[in-house]
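Chemist: Here you go, one structure.
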Amino acid sequence: MFFRIADTFTDSLARLTGEEQKAVKTTAFDLQVNPASPGMQLHKLDKSKDKNFLSARVSSDIRLIVHRTDSSLLLGHVDHHDAAYRWAEPRTLETHPNTGEVRSDGPDGIGCWFVDTDYNEESFFVRHAYFLGANGPYSALKTTFEVEINAETWATLHSNVSRPFEKPQSGRIAVKVINHLGDEVMKVFRA
């Protein structure tokens, strides 16, 4: 089994106190030596988009987020309990089919996303639009549309959670997500 450490793990580790870092390093070492150790408490993350993300208990409050497959174990992130879970929930980890590069995308990897709140299976109508992005989406929109955007309105557009909407008459909701490279994916949900 390959044991890997992501940059996101080392970045998050550096934000902890010295004592917390020591405890995390001990847990990480134990995971590397024997990930199936009976003393290791690994828990599934029910709300995570990627079901291979697990939580390892470091202390009463610190959680180590790992990504486990049949062939590898990746240390992804470490933080206090709720913050660690929030980090893992929107993320997925994928291997590029041609290069084998492992990529993790979360909200920062999303350029924009749209919701058709009453999808008819023929045409996608943008009924909600959200602009996340790590590269200053507010400035880009302001330049593109040559307008000032009200701060309160912008707060509703710059979100990874949609505004509330009525249950669709069609029984279907479609969500289209586009990354910074223009790659897009659409998923249809039954309501």
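The values are calculated or read from the model by the stated rules, or taken from the named source; none is laboratory data. Treat the numbers as computed from the prediction; the structure is a model and nothing was measured. Virtual Cβ from ideal backbone geometry, glycine too; neighbours counted across all protein chains shown.
Chemist: Take Arg91 and tell me if it is modelled with pLDDT under 90 and buried (at least 20 other Cβ atoms within 10 Å of the Cβ). Talk me through it step by step, then tell me what you get.
Modeler: On the way: modelled with pLDDT under 90: yes; buried (at least 20 other Cβ atoms within 10 Å of the Cβ): yes.
Criteria met by Arg91.
Chemist: Any idea which of Arg63, Arg68 is crowded, with 21+ Cβ neighbours inside 10 Å, over 14 Å from the mean Cα position of the chain (by Cα) and of a type in the set (D, E, K, R)?
Modeler: Just a single option satisfies the conditions, and that option is Arg63.
Chemist: Is there any pair linking a residue in segment 112-123 that is free of Cβ contacts under 8 Å to residues at least 60 places away in the same chain to one that is of a type outside the set (Asp, Glu) and crowded, with 20+ Cβ neighbours inside 10 Å, with Cβ under 8 Å and at least six apart or on different chains, and which?
Modeler: Thr117/Ile173; Asp118/Ile173
Chemist: Can you pull out the residues in segment 136-181 that are within 19 Å of Asp116 (Cα to Cα), small (Gly, Ala, Ser) and out of contact with any Lys or Arg (no Cβ under 9 Å at 6 or more places or on another chain)? Please lay out each step first, then the result.
Modeler: Step one: filter segment 136-181 for residues within 19 Å of Asp116 (Cα to Cα), giving 156-179.
Right, trim to small (Gly, Ala, Ser) and you get 159, 162, 170-171, 174.
Scanning segment 136-181 gives Ser159, Ser162, Ser170.
Chemist: Then there is this: Could you list, in sequence order, the residues of segment 128-178 that are of a type in the set (D, E, K, R) and in contact (Cβ under 8 Å) with a residue 40 or more places away in the chain? Lay out the reasoning, then the answer.
Modeler: Within segment 128-178, the subset of a type in the set (D, E, K, R) is 142, 146, 148, 152, 163, 166-167, 172, 176.
Glu166, Arg172, Lys176 - these are the residues of segment 128-178 that are of a type in the set (D, E, K, R) and in contact (Cβ under 8 Å) with a residue 40 or more places away in the chain.
Chemist: What is the one condition in (1) under 24 Å from the mean Cα position of the chain (by Cα); (2) at positive phi that Glu146 does not satisfy?
Modeler: Every condition holds for Glu146 apart from (1).
Chemist: Report yes if Val175 is under 22 Å from the mean Cα position of the chain (by Cα), in the same structural domain as Arg127 (by TED's automatic domain parsing), surrounded by 15 or more Cβ atoms within 10 Å (Cβ to Cβ) and at pLDDT 80 or above, otherwise no.
Modeler: Numbers: under 22 Å from the mean Cα position of the chain (by Cα): yes; in the same structural domain as Arg127 (by TED's automatic domain parsing): yes; surrounded by 15 or more Cβ atoms within 10 Å (Cβ to Cβ): yes; at pLDDT 80 or above: yes.
Against the criterion (under 22 Å from the mean Cα position of the chain (by Cα), in the same structural domain as Arg127 (by TED's automatic domain parsing), surrounded by 15 or more Cβ atoms within 10 Å (Cβ to Cβ) and at pLDDT 80 or above), Val175 qualifies.
Chemist: If you don't mind, there's one more thing I want to ask. Taking segment 111-168 on its own, how many of its residues are small (Gly, Ala, Ser) and part of a loop (DSSP other than H, G, I, E, B)?
Modeler: Initially, segment 111-168 is screened for residues small (Gly, Ala, Ser), giving 111, 123, 129, 133-134, 136, 139-140, 151, 155, 159, 162.
Adding the requirement that they be part of a loop (DSSP other than H, G, I, E, B) leaves 123, 133-134, 136, 159, 162.
Total meeting the criteria: 6.
Chemist: Looking at Val33, is it among the hydrophobic types (A, V, I, L, M, F, W, C) and modelled with pLDDT of 90 or more?
Modeler: On the way: among the hydrophobic types (A, V, I, L, M, F, W, C): yes; modelled with pLDDT of 90 or more: no.
Answer is no for this residue.
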